[in-house]
Amino acid sequence: MGLFNVTHPAFFLLTGIPGLESSHSWLSGPLCVMYVVALGGNTLILQAVRVEPSLHEPMYYFLSMLSFSDVAISMATLPTVLRTFCLNARNIAFDACLIQMFLIHFFSMMESGILLAMSFDRYVAICDPLRYVTVLTTEVIAAMGLGAAARSFITLFPLPFLIKRLPICRSNVLSHSYCLHPDMMRLACADISINSIYGLFVLVSTFGMDLFFIFLSYVLILRSVTATASREERLKALNTCVSHILAVLAFYVPMIVVSTVHRFGKHVPCYIHVLMSNVYLFVPPVLNPLIYSAKTKEIRRAIFRMFHHIKI
């Protein structure tokens, strides 16, 4: 028990965008629109996959998992972000901040694992189509989804305890409108090397490895596609990957930019750091339903039929 007998603030103070405090009321409008699109669009995809028999296929099961993680990330950040920007209510209890931190990192890592599972789905569909149904059974899909969730929980379970062992006495002001592990550990007036090393280990062993295997799967897909004689077949095969590639870019590009700016952009203005972190968390849940609705005609048809039935 003595390990956690250290000084903690009763609450943290969240921050919107430094230097743009006077514009927070204006920024709350676009933020609300983004949340409506993220929650509404992803919920719509979840419902479409649930009620439409033609979407009861591996690709769409993985898509529903992706939509679920996007909804969860949005719900985890929504209360504090809207309170900060709309009501200027900046305080959050210490334990509530720990819970929010864990949920944000948990569902972000889960989304990375789902994107990896989706790349495996595309690999099997293109490189070994005759075994697609036998390889990606309902049991296998469920196991992959549970595996992504279990990996996230096991890997991130130590984070709240690594924060609780640190005496936080420098300040209680966080630099975002939500709680993140790197932001919280910087407020400690003690050695944070264990937190930093573990955070880097988590980043490389999960997100880094996921991105590596996604890249490898597309190398194998391109090799298989280029061996196809017909140009039409090549285009058709690659077209089935476009939505997933765009979702991967929407997720990983902001993450890489944020990591690069935090590590090497010491002289970059603070509001740039905050804006890029917000882009990383808010943009993928908004873009994913738009990408899949625009690029996948089966999703569009299912959504149209849903609204048609509602109208009737």
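The values are calculated or read from the model by the stated rules, or taken from the named source; none is laboratory data. Computed from a predicted model, the values in this text were never measured in an experiment. So basically every Cβ, Gly included, is an ideal-geometry build from the backbone, and we count neighbours across all protein chains shown. Only protein heavy atoms, including side chains, enter the accessible area calculation; ligands, DNA and RNA are left aside. Shrake-Rupley method; radii C 1.70, N 1.55, O 1.52, S 1.80 Å.
If you fit an axis through the alpha-carbon atoms of helix 58-82 and take the longest principal axis of the Cα set of the chain, what angle between them do you get, 0 to 90°, nearest 10? Roughly 20 degrees between the two axes.
Roughly how tilted is helix 270-295, in degrees to the nearest 10 and between 0 and 90, from the longest Cα axis of the chain? So the helix axis and the longest Cα principal axis differ by about 20 degrees. For the chain, the dipole from Cβ point charges (+1 on Lys and Arg, -1 on Asp and Glu) about the Cα centre works out to 340 debye, to the nearest 20.
Across the options L159, V253, G199, the greatest Cα extent toward the positive end of the charge dipole of segment 21-311 (unit charges at beta carbon of Lys, Arg, Asp, Glu) belongs to V253.
Percent of Cα-Cα pairs more than 34 Å apart in the chain, please.
Working: 13807 of 48516 pairs.
In whole percent, the long-distance tail amounts to 28.
Modelling each spin label as a point 7 Å along the Cα-to-Cβ direction, I'd like the S54/F213 distance in nm, to one decimal. Taking the two extended label points, one gets 3.3 nm. Note on Y132: accessible area approximately 40 square angstrom, rounded to 10, probe 1.4 Å, nucleic acids and ligands left out. Across the options L39, F68, F106, the greatest Cα extent toward the positive end of the charge dipole of the chain (unit charges at beta carbon of Lys, Arg, Asp, Glu) belongs to L39. Sorting the Cα pairs of segment 158-286 by distance into bins of 5 Å, from 0 upward, gives 2, 8, 14, 16, 17, 13, 9, 7, 5, 4, 3, 1, 1, 0 percent per bin.
Mind counting lysine pairs for me in the chain? Cα separation below 25 Å, and the two need to be 8 or more apart along the chain or on different chains. Please list the in-between numbers first.
Working: K236/K295; K236/K297; K295/K311; K297/K311.
So the count works out to 4.
Once both axes come from the Cα atoms, what is the angle between helix 209-226 and the longest principal axis of the chain, in degrees from 0 to 90, rounded to 10? So the inclination is approximately 20 degrees.
From the alpha carbon centroid of segment 121-138 to that of segment 177-235 is 24 Å.
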